[in-house]
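This report concerns only the one structure given below.
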Amino acid sequence: MIVNVPVQYYQSVIAMETAVTGVLLFQIRFFESDADVPGKSATDPRVRVLMLIVLTATLFGSLEAIREGGGLEVAVLVTVGLAVSILPILLRMLPSLRRDAETHKRDPHFWITVLGPSCTRRSSR
């Protein structure tokens, strides 16, 4: 069975990937080196390289699919790449589950982190 994915899908993925890259670069400063700033934990350089590879592969995979007329397999790979590239943004937005080292208190909104995945599982059933 041959599935023909429209070009507009890949164009949409490119637009979303551009927005995700902008957020990673300018909003949460994912690719900046935080070694100079005391008190901030730096992102592991291997994770940065992995994210760079995922972003690049998703973008060029979409461009190649537009050029060659990608099928279902390419659409699935590009979608997975987009989903993986959004993970750092989602993880930075969720409140931390651990306690503060100085005050030994949790974030007052940590229940969102606990409740969010369980609500998602219930709604997908």
Worksheet item: So if we plug the beta-carbon distance of residue 52 and residue 105 into 1/(1 + (r/R0)^6) with R0 = 30 Å, what FRET efficiency do we get, rounded to 0.05?
Response: 0.25
Worksheet item: Excluding ligands and nucleic acids, what accessible area in Å² is computed for residue 12 using a 1.4 Å probe, to the nearest 10?
Response: 60 Å²
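The values are calculated or read from the model by the stated rules, or taken from the named source; none is laboratory data. From a predicted model like this one, the values you see are computed outputs, not experimental measurements. Ideal geometry is used to build each Cβ from the backbone, glycine not excepted, and the neighbour counts take in all protein chains shown. Surface areas here come from the heavy atoms of the whole protein model, side chains and all, with no ligands, DNA or RNA. Shrake-Rupley method; radii C 1.70, N 1.55, O 1.52, S 1.80 Å.
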